């Protein structure tokens, strides 16, 4: 496993920032790490990158314990923190050469040129970092995270400051990187997760509340499923009450269209077909309402967080 977290906890006095969390991420997977402010995302990332020690439990990168061998694990990680620390008086190319030297890159000029092209910094490479827009500063931060060709990328709010045109380029870059490397990224932009991540880990109040594939998270956490159905003939609403699979329903004026709530999609659809047959009707349209990731996120993290 590229990232492995076992019973990891971090206490600040009496406050538990993270509380005995566990997860594993294999190579070649892009994982969205979600949670409200104060949920424990940044604390977890700082422990993984060796910036702060855990109170208990362990974390390893590519099988190497972060606490036991911090220098080696740092060399395996590319890290873009939430508040991107940059030397504003340095030129872009100068800064990336400097970072490559610190990371022990052998062919510094060649690697810097490659990364500048990959991250779309060709036109900005001779400018001072302080002259760049926030979006281009994020590109520089991403470039320094990639400069030493790490096996694991940990990105905290990586697309902050990008305009809509830049977003698609960066999304494609992260997806391309994710085919070869392990990527753990934190973001508050739900569309970002849906566009990039194949798996989602949601943390709330220091505990993991869900760990699932992005495509399955709605199915695994939605207690009520909403189905919109239209029949060819009017249906007696009282008929709906006879089926235990149907939790509730809302007919429209002519009782042909219904909004049905159920806990079991398959059983409910069978019941709707029976209702149609009993009324000598057939189903014209039947759609299952999909919850957005934002709705699911709100339902999973319903606690009030205080600043």
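The values are calculated or read from the model by the stated rules, or taken from the named source; none is laboratory data. Predicted, not measured: the structure shown is a model, and the values here were computed from it. In this analysis, Cβ positions are derived from the backbone assuming ideal geometry, glycine residues included, and neighbour counts consider all displayed protein chains.
A few remarks follow.
- Scanning region 66-111 for residues that are closer than 21 Å to residue 50 by Cα, in a helix (DSSP H, G or I) and free of Cβ contacts under 8 Å to residues at least 12 places away in the same chain returns 71, 72, 101, 102.
- Hey, residue 41 assigned by TED's automatic domain parsing to the domain that holds residue 211, under 20 Å from residue 206 (Cα atoms) and in contact with a strand residue (DSSP E or B) (Cβ under 7 Å, 6 or more places away or on another chain) or not: yes
- The lone criterion from (1) part of a helix (DSSP H, G or I); (2) modelled with pLDDT under 85 left unmet by residue 116 is number (2).
- Unique residue being in a loop (DSSP other than H, G, I, E, B) and more than 12 Å from the chain's Cα centre (by Cα) when the list is 242, 172: 242
Here is a yes/no grid of residues against (1) loosely packed, with under 15 Cβ neighbours inside 10 Å; (2) within 13 Å of residue 33 (Cβ to Cβ); (3) in contact with a strand residue (DSSP E or B) (Cβ under 6 Å, 6 or more places away or on another chain); (4) modelled with pLDDT under 85:
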{"site": "162", "(1), (2), (3), (4)": "no, no, no, yes"}
{"site": "165", "(1), (2), (3), (4)": "yes, no, no, yes"}
{"site": "168", "(1), (2), (3), (4)": "yes, no, no, yes"}
{"site": "171", "(1), (2), (3), (4)": "no, no, no, no"}
{"site": "175", "(1), (2), (3), (4)": "no, no, no, no"}
{"site": "179", "(1), (2), (3), (4)": "yes, no, no, no"}
{"site": "187", "(1), (2), (3), (4)": "no, yes, no, yes"}
{"site": "197", "(1), (2), (3), (4)": "no, yes, yes, no"}
{"site": "200", "(1), (2), (3), (4)": "no, yes, yes, no"}
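- Subset of region 63-92 (residues that are in contact with a strand residue (DSSP E or B) (Cβ under 6 Å, 6 or more places away or on another chain) and within 18 Å of residue 161 (Cβ to Cβ)): 79, 80, 81, 82
- Some residue of region 19-41 being in a helix (DSSP H, G or I), at pLDDT below 95 and surrounded by 15 or more Cβ atoms within 10 Å (Cβ to Cβ): yes
- Qualifying residue in region 125-143 (condition: within 22 Å of residue 177 (Cα to Cα), outside any helix (DSSP H, G or I) and touching a helix residue (DSSP H, G or I) at 6+ places or on another chain (Cβ under 8 Å)): yes
- Flag for residue 276 being modelled with pLDDT of 90 or more and part of a helix (DSSP H, G or I): yes
- Complete set of residues in region 2-18 that are under 18 Å from residue 36 (Cβ atoms) and in a loop (DSSP other than H, G, I, E, B): none
- Of the numbered criteria (1) at pLDDT 90 or above; (2) assigned to a helix (DSSP H, G or I); (3) within 17 Å of residue 32 (Cβ to Cβ), the one residue 183 fails is (2).
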